[in-house]
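What follows is a single structure, written as structure tokens, with notes after it.
The values are calculated or read from the model by the stated rules, or taken from the named source; none is laboratory data. All of these numbers come straight from a predicted model, not from anything done at the bench. Backbone-built Cβ (ideal geometry, glycine too); neighbour counts: all protein chains shown.
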Amino acid sequence: MNKKYLNIVLYEPEIPQNTGNIARLCACLDAKLFLVGRLGFNITDRHLKRSGLDYWDKVEMEHIVDFETFEKTFPFELNPYFLFTTKVEKKYYDVSYPSGSFLIFGPETRGIPEDILKKYNDNCVTIPMKKTLRSLNLSNSVAIGAYEAVRQFGGIK
């Protein structure tokens, strides 16, 4: 059973610098980082290590082989999921994040697959932005979502 008050899930991340930045953020927030599915880089990539600086020993990180295994390990019924996507209208700040929430983000170039979004449609949220542009940077999006959850929790635990 997960014991962290906040969990960040990166589904098939592609860019090592983003993942390194997010790992550093997780260390600073005492959030757990899950890398789910195939990675677009090697875990020993120098860009990944550099962007995480000297925070690697301060972040709890777990790699899960695929999304199905993630769902079995952390079933939705017991663990609140919030999926971040550009494909919905519900704003990330219009939902309540309970302690233990899993904030889920897709790969930089594709986002979360449609079948996963449909399965958890009621828990999909978006970060508002200019309609004519595709998306924000992944590490920026994670920071925005994570700090809203932390704000709702009343601060860092």
Discussion item. For the range 95-113, check the following and say yes or no: at least one residue is over 23 Å from Gln17 (Cα atoms) and among the acidic types (Asp, Glu).
Written reply: no
Worksheet entry | Ser96, sole failed condition from (1) surrounded by 13 or more Cβ atoms within 10 Å (Cβ to Cβ); (2) among the hydroxyl-bearing types (Ser, Thr, Tyr); (3) at pLDDT 95 or above | (1)
Worksheet entry | Inter-residue pairs, beta-carbon under 9 Å, first in contact (Cβ under 8 Å) with a residue 12 or more places away in the chain and in the range 117-138, second assigned to a helix (DSSP H, G or I) and β-branched (Val, Ile, Thr), 6+ apart | Ile127/Ile144; Leu138/Thr19; Leu138/Ile22
Discussion item. What pairs come out if I take residues in the range 8-19 that are charged (D, E, K, R) and pair them with residues that are part of a strand (DSSP E or B) whose C-beta lies under 8 Å away, six or more apart or interchain?
Written reply: Glu12/Val36
